[in-house]
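Some notes on the structure that comes next.
The values are calculated or read from the model by the stated rules, or taken from the named source; none is laboratory data. None of the values given here were measured: they were computed from a predicted structure. Here the Cβ is made from the backbone with ideal geometry for all residues, glycine too, and neighbour counts use every protein chain on show. In case anyone asks, the SASA skips ligands and DNA or RNA and just uses the protein heavy atoms, side chains included. Shrake-Rupley method; radii C 1.70, N 1.55, O 1.52, S 1.80 Å.
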Amino acid sequence: MRKHILTSVAILSAVILFSSCGAQKKTTSSVGNSNSSNTEVNDGPSASQWKSGVKGSWILNSIDRENIPAAYTIKTVFEEAPAECFEGSVWTLPSNGKGTIEFTADGTLCAKGAVRNIVWSIFNPGKTGGQPQFQFKKIYSGDKARNVTSGYRLDLSFSDGNKLVMRMPIDVESGTGYLVFNFTKSVR
């Protein structure tokens, strides 16, 4: 009898151990300007793990459209400039949270060489559910970060130290589409 109990305990322990060692899991999120709602599907990396994976200097290589109809026009990104002005921009995200976005694109509505100061962090949903998100707010000359009440949140999809992918949900008639931000690590 004792042998059966020990065997059962060993099997139960193995099941618990293997079920806790799963792969990174996905989330479903809706993110607007400063307001968001998250639906937790599964666990993923913690906010501190994401912060380690995001900090550094990144080049925004492309902004892709996912589930956004071709006829749907997106005039500006982050209420700043058209998406093509962000492509090639350098996002400097130091661990102290005081970063910059440097614009490098030429174009009619682009401001090549302009630098936007930001304060960034990883939003930690805690026990409310959901997944950590990248969040930032633009800081204009004379502003103090604590006085800026609006900002932006993006879903964190992938980071391996050389590549970073973040997704910004966009409400469209057919549901939710995404602008997918594809970054590579800068060698600056």
Quick check on the stretch 54-167: what does the Kirkwood estimate of hydrodynamic radius come out to from the alpha carbon pairs, in Å?
15.3
So which of LYS55/LYS138; LYS137/LYS163; LYS98/LYS138; LYS98/LYS137; LYS98/LYS127; LYS51/LYS163 end up more than 21 Å apart, counting from Cα to Cα?
LYS137/LYS163; LYS98/LYS127
So how much slack lies between ALA47 and THR184, counting 0.36 nm per residue of separation and subtracting their Cα-Cα distance, in nm?
47.3 nm
Placed amide H near PHE158: partners under 5 Å, 5+ positions off or other chain:
VAL165
Taking the alpha-carbon centre of each part, the distance from the stretch 105-135 to the stretch 137-188 in Å is 4
For a Förster distance of 25 Å, can you work out the FRET efficiency between the beta-carbons of SER141 and ILE74, rounded to the nearest 0.05?
0.35
For the stretch 63-188, which whole percent of the accessible surface, found with a 1.4 angstrom probe, sits on carbon and sulfur atoms?
48
Can you give the charge dipole size of the stretch 32-188 about its Cα centre, rounded to the nearest 20 debye, using +1 on the beta carbon of Lys and Arg and -1 on the beta carbon of Asp and Glu?
700
With every protein chain left in place, what is the accessible area per residue of the stretch 43-188 in square angstrom, probe 1.4 Å?
53
Probe 1.4 Å, all protein chains in place: accessible area of THR128 in Å², nearest 10?
120
